[in-house]
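Visitor: Have a look at this one before I ask anything.
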Amino acid sequence: MDTTQTLSPTRQRQRRAQWRRQALTLALLAVGLVAPFVAYPVFLMKVLCFALFACAFNLLLGYAGLLSFGHAAFLATGGYVTGYLLASYPGLTPELGILTGTAAAVALGALFGVLSIRRQGIYFAMVTLALAQLMFFVFVQSPFTGGEDGLHGVPRGELFGLISLNSNLAMYYFVFAVFLIGFAIIQRAVHSPFGQVLKAIRENEPRAVSLGYNVDAYKLLAFVLSAGLAGLAGSTKTLVFQLASLTDAHWHMSGEVILMTLLGGVGTLFGPLVGAGLVVSLQHLLAQSPLGNWVSVILGLIFVVCVLSFRSGIVGEILKSYRKNFK
Amino acid sequence: MNELVFFINNVVVAGSVTGSIYAIGAVGVTLIFSIMRFAHFAHADMMTFGALMVLVLTTAFPEVGGAVGLPTAVVMLPLAMALTALLAVGIDKGFYKPLRAHGVKPIVMVIGSLGVALILQGLIRLFAGTRAQSLYIAERKEIFRLELPFESVTRPIIVTEPQVILFILTLAAVIGLHLFLNRTRTGKAMRAMSDNPDLARASGINTSRIVTITWIIAGGLAAVAGTLLSLDVAFKPDLSFFLLLPIFAAAIVGGVGHPYGAIAGGFVVGFAETLAVFNWAVLLRPLQQHFPDWLELPRNLAFVGTEYKIVVPFFILVAILVWRPTGIFKGKVI
């Protein structure tokens with residue numbers, strides 16, 4: 001007897017969704033493995049780093065319903081800590097540098113989370129923004145960040161002390177692996193009971209409280225997880241470009257990650273990936289064209305258009321029309 | 001007594017200047033919040049826009065001020081206010097109004113205003129470059145030195161011309177706002193709508209007109225605040241970066257939705273900034289003889305270094321949101 005007939009319709013749908021997700025992930029994997037032979041690896045690495053950053057942000061906005069306005073702080077903390085360690089201790093291997101950077105972002109995330117998690121909506125956004133601005137000035141003034149100049153010439157080193165990362169291809173596969181690990185963590189978190197509780201909190205917080213969930217603890221965990229993954233993205237980015245600068249800590253970066261997530265689709269797994277790819281490509285194209293000075297204006301316009309008529313984002317709209325036409 | 005003059009110059013004058021600018025900005029933020037229920041992240045960029053308009057007009061007609069006896073920038077201010085108000089109403093009609101009609105969540109409006117902020121900032125940088133420019137083009141900044149009639153005082157209290165103008169304009173704005181909110185029909189309708197929009201609509205108040213008027217007031221005040229700041233120091237395209245969080249801090253400290261609270265909040269934040277970086281050793285030094293011998297005054301006794309001045313409002317913002325989000329005057333909680 002065919003097993004699908006014995007399953008309930010809901011279960012069947014879940015099966016199908018799972019199958020689709022796996023197929024998409026496999027396709028993504030295949031594309032990722034072939035990509036460096038088609039496109040410029042450094043550009044792809046930039047996309048992957050920002051995609052991880054946007055996915056981390058989306059975990060918070062899309063699944064816990066918390067708009068953090070200060071995620072640049074985590075990206076920059078990861079980047080600066082990794083950059084500083086690798087530049088000043090030549091014996092350190094890159095993976096240890098990245099892990100330390102991520103740990104620093106986790107610690108900062110825990111601190112920010114404890115301070116901000118009890119506020120909602122705009123107030124939450126504002127606390128995180130203010131804290132991130134504080135960090136910006138800490139980075140400007142601290143001696144270890146190189147101030148306005150930033151950190152330069154961070155060595156890529158040898159992975160596990162064995163594989164040299166100086167070739168862009170080797171670096172690319174390392175970044176791709178880091179991205180996959182981060183993405184897998186997010187996917188696992190979203191589809192776990194933990195993720196379901198987060199969604200419940202997003203939809204109806206008082207109800208989640210009355211069901212006996214410790215809402216603050218769940219939100220804090222989501223915040224710390226998101227901060228850590230943002231730090232991971234920042235650390236990896238520092239390794240790729242061999243520099244860490246104040247751009248990463250500026251509030252524009254926090255705005256850009258909101259745009260990436262919004263453009264791709266808030267609360268969809270692949271949306272931030274698409275959004276990050278588009279925004280990074282756009283910046284890349286604009287930087288070379290005569291419209292180079294218009295980047296901020298154009299990004300703002302996309303923002304406005306997205307908010308005005310396109311609120312579920314590209315992936316969100318595709319999913320919507322798919323559901324309408326095939327169900 | 002010279003120490004007291006030093007205190008007045010560095011804290012009282014400087015604090016009032018910063019406080020006035022924050023207060024005028026925060027009033028706009030708080031009015032927009034109380035009528036439309038969202039935090040307007042592009043407000044600081046509207047301030048910069050207003051200042052830019054003054055700069056453009058002053059550059060075009062640098063001699064006008066001389067004929068009236070005021071700095072040209074001040075003469076051009078009403079025109080810049082009108083232009084900024086027009087911009088604010090235009091943005092609302094084109095963008096915020098359709099969003100409100102969709103009934104989106106306040107957080108989506110905030111994200112939208114972030115886009116507006118990026119556009120404005122980008123445009124301002126395109127047209128004004130990145131360097132600082134003085135609004136005094138054809139004339140010079142006058143500096144008034146008030147000698148105090150005491151024998152022990154040798155140093156004067158220093159106030160510059162733009163600072164005097166700033167105090168006068170702030171006072172005028174506060175009194176004007178007070179009269180408008182309490183004496184006019186429109187002002188009363190505005191307060192009604194801030195208390196309960198549905199009830200206001202049901203009792204026949206034209207709420208879309210109130211929204212437009214709110215944007216006109218907020219835009220006009222934003223132009224004033226931006227211009228006053230640029231007059232006092234200089235016009236910079238990235239002004240908004242240093243204004244946004246302080247004015248939000250001021251609005252929240254004063255209790256969001258309270259215009260008077262926002263004014264008080266502006267001065268609280270302004271004075272907190274100057275008090276935090278003030279070198280208290282100067283004031284304490286005359287009392288040195290009364291201290292026990294083991295207590296030596298350090299040369300510099302400020303709470304934070306001058307380079308961290310800008311961080312003070314961020315601290316206030318975080319502290320007030322964490323421990324008392326209603327502000328000192330019991331504002332609304334979003």
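The values are calculated or read from the model by the stated rules, or taken from the named source; none is laboratory data. All figures in this text were calculated on a predicted structure; none of them were measured in a lab. Glycine gets a Cβ as well: all are built from the backbone with ideal geometry, and neighbour counts include every protein chain shown. Surface areas here come from the heavy atoms of the whole protein model, side chains and all, with no ligands, DNA or RNA. Shrake-Rupley method; radii C 1.70, N 1.55, O 1.52, S 1.80 Å.
Visitor: Take the residues in region B:86-117 that are more than 11 Å from chain A (Cβ to nearest Cβ) and open to solvent by less than 10 Å² (accessible area, probe 1.4 Å), then tell me which one is nearest to the chain's Cα centre (by Cα).
Guide: The qualifying residue nearest to the chain's Cα centre (by Cα) is B:Ala88.
Visitor: Sticking with this one: Provide a single number: the residues in region A:119-150 that are within 12 Å of chain B (Cβ to nearest Cβ) and either surrounded by fewer than 18 Cβ atoms within 10 Å (Cβ to Cβ) or not in a helix (DSSP H, G or I) (or both).
Guide: Number of matching residues: 8.
Visitor: Condition test on A:Leu66, is it buried (at least 24 other Cβ atoms within 10 Å of the Cβ) and either part of a loop (DSSP other than H, G, I, E, B) or free of Cβ contacts under 8 Å to residues at least 24 places away in the same chain (or both)?
Guide: yes
Visitor: Next question. Could you give me the residue pairs with C-beta distances under 7 Å whose first residue belongs to region B:306-325 and is within 17 Å of B:Gly255 (Cβ to Cβ), whose second residue is assigned to a helix (DSSP H, G or I) and open to solvent by 70 Å² or more (accessible area, probe 1.4 Å) wherever it lies, and which are 6+ apart or on separate chains?
Guide: none
Visitor: Taking into account only those residues within region B:298-308 that are within 10 Å of chain A (Cβ to nearest Cβ) and not aromatic (Phe, Trp, Tyr), which is nearest to the chain's Cα centre (by Cα)?
Guide: That would be B:Glu307.
Visitor: Please give the number of the condition A:Val154 fails out of (1) assigned to a loop (DSSP other than H, G, I, E, B); (2) open to solvent by 50 Å² or more (accessible area, probe 1.4 Å); (3) among the β-branched types (Val, Ile, Thr).
Guide: (2)
Visitor: Can you find even one residue in region A:308-321 that is within 27 Å of A:Leu131 (Cα to Cα) and open to solvent by less than 40 Å² (accessible area, probe 1.4 Å)?
Guide: Initially, region A:308-321 is screened for residues within 27 Å of A:Leu131 (Cα to Cα), giving none.
No: region A:308-321 contains no residue that is within 27 Å of A:Leu131 (Cα to Cα) and open to solvent by less than 40 Å² (accessible area, probe 1.4 Å).
Visitor: Now for a separate question. I'd like the residue in region A:231-246 that is touching a Gly at 6+ places or on another chain (Cβ under 8 Å) and surrounded by fewer than 24 Cβ atoms within 10 Å (Cβ to Cβ) and, out of all such residues, is nearest to A:Asn166 (Cα to Cα).
Guide: A:Gln242
Visitor: Same structure again: How many residues does region A:83-113 contain that are assigned to a loop (DSSP other than H, G, I, E, B) and either within 14 Å of another protein chain (Cβ to nearest Cβ) or open to solvent by 30 Å² or more (accessible area, probe 1.4 Å) (or both)? Show your work before the answer.
Guide: First, pick out the residues of region A:83-113 that are assigned to a loop (DSSP other than H, G, I, E, B): A:89-93.
Narrowing the set further to residues that are either within 14 Å of another protein chain (Cβ to nearest Cβ) or open to solvent by 30 Å² or more (accessible area, probe 1.4 Å) (or both) leaves A:89-92.
Residues meeting the conditions: 4.
Visitor: May I ask you to verify whether A:Tyr80 is over 29 Å from A:Ala35 (Cα atoms) and either of a type in the set (Asp, Glu) or part of a helix (DSSP H, G or I) (or both)?
Guide: no
Visitor: Same structure again: Restricting attention to region B:62-84, does a residue exist that is assigned to a helix (DSSP H, G or I), within 14 Å of another protein chain (Cβ to nearest Cβ) and open to solvent by 60 Å² or more (accessible area, probe 1.4 Å)? Let's see the steps before the verdict.
Guide: The initial filter retains those residues of region B:62-84 that are assigned to a helix (DSSP H, G or I), namely B:64-68, B:72-84.
Cutting the leftovers down to within 14 Å of another protein chain (Cβ to nearest Cβ) gives us none.
No, region B:62-84 has no match at all.
Visitor: Something else about it: Name every residue in region A:266-305 that is within 14 Å of chain B (Cβ to nearest Cβ) and touching a residue at least 40 places away in the same chain (Cβ under 8 Å), in order of residue number.
Guide: Across region A:266-305, the qualifying residues are A:Val266, A:Gly267, A:Gly275, A:Val279, A:Ser296, A:Leu299, A:Ile302, A:Phe303.
Visitor: Also, quick follow-up: In region B:42-53, is there at least one residue being open to solvent by 20 Å² or more (accessible area, probe 1.4 Å) and outside any helix (DSSP H, G or I)?
Guide: No, region B:42-53 has no match at all.
Visitor: Further question on the same structure: Answer with yes or no whether A:Val257 is within 13 Å of another protein chain (Cβ to nearest Cβ), open to solvent by less than 20 Å² (accessible area, probe 1.4 Å), in a helix (DSSP H, G or I) and touching an Asp or Glu at 6+ places or on another chain (Cβ under 9 Å).
Guide: Values: within 13 Å of another protein chain (Cβ to nearest Cβ): yes; open to solvent by less than 20 Å² (accessible area, probe 1.4 Å): yes; in a helix (DSSP H, G or I): yes; touching an Asp or Glu at 6+ places or on another chain (Cβ under 9 Å): no.
Considered against the rule, which asks whether it is within 13 Å of another protein chain (Cβ to nearest Cβ), open to solvent by less than 20 Å² (accessible area, probe 1.4 Å), in a helix (DSSP H, G or I) and touching an Asp or Glu at 6+ places or on another chain (Cβ under 9 Å), A:Val257 comes out as no.
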